Amino acid sequence: MKYQVSYISPVKAGKVVAAASFVVTFFFTLITVITLLLNLHKDPAYSVWYLFLVPFVNAFFSFIFGWVTAFVYNIVARQVGGFELTLQEPPQG
């Protein structure tokens, strides 16, 4: 079975991209915080507030990027067709 994606909701796409980006950035921020805490005797280059805000700022801009990407996809898909997916039933058993 072949199907074509004719529309992607920009808001939903923005939310998905922002959430995924937040999770990934939060993970890397935790690594950075742990590294900074292990080096307390040195003057850290980043403040704790900066590191706290990075995942949220990244999620915000990722939402905008996801929204714009879905919006442009919808315009282009009307003109040249959308992504084509081939689906099949999962094997039984």
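The values are calculated or read from the model by the stated rules, or taken from the named source; none is laboratory data. Note that the structure is a prediction, hence the values are computed from the model and not measured. Areas reflect the complete protein model, heavy atoms only, side chains present, ligands, DNA and RNA absent. Shrake-Rupley method; radii C 1.70, N 1.55, O 1.52, S 1.80 Å.
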Notebook entry, point to check: Helix 10-38 sits at what angle to the longest principal axis of the chain, using alpha carbons and giving 0 to 90 degrees rounded to 10?
Noted result: 20 degrees
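Per the helix-only calculation at 222 nm, which mean residue ellipticity applies to the chain, given -39500 (n - 2.57) for every DSSP H run of n ≥ 4 and division by its residues, nearest 500 deg cm²/dmol?
Working: 2 runs with 62 residues, N = 93.
Computed ellipticity for the chain at 222 nm equals -24000 deg cm²/dmol.
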Notebook entry, point to check: Against the longest principal axis of the chain, how steep is helix 48-80, in degrees 0 to 90 to the nearest 10, with axes from Cα atoms?
Noted result: 20 degrees
Notebook entry, point to check: Can you pull the percent of the chain's accessible area that's carbon plus sulfur, 1.4 Å probe, other chains left in place?
Noted result: 72 percent
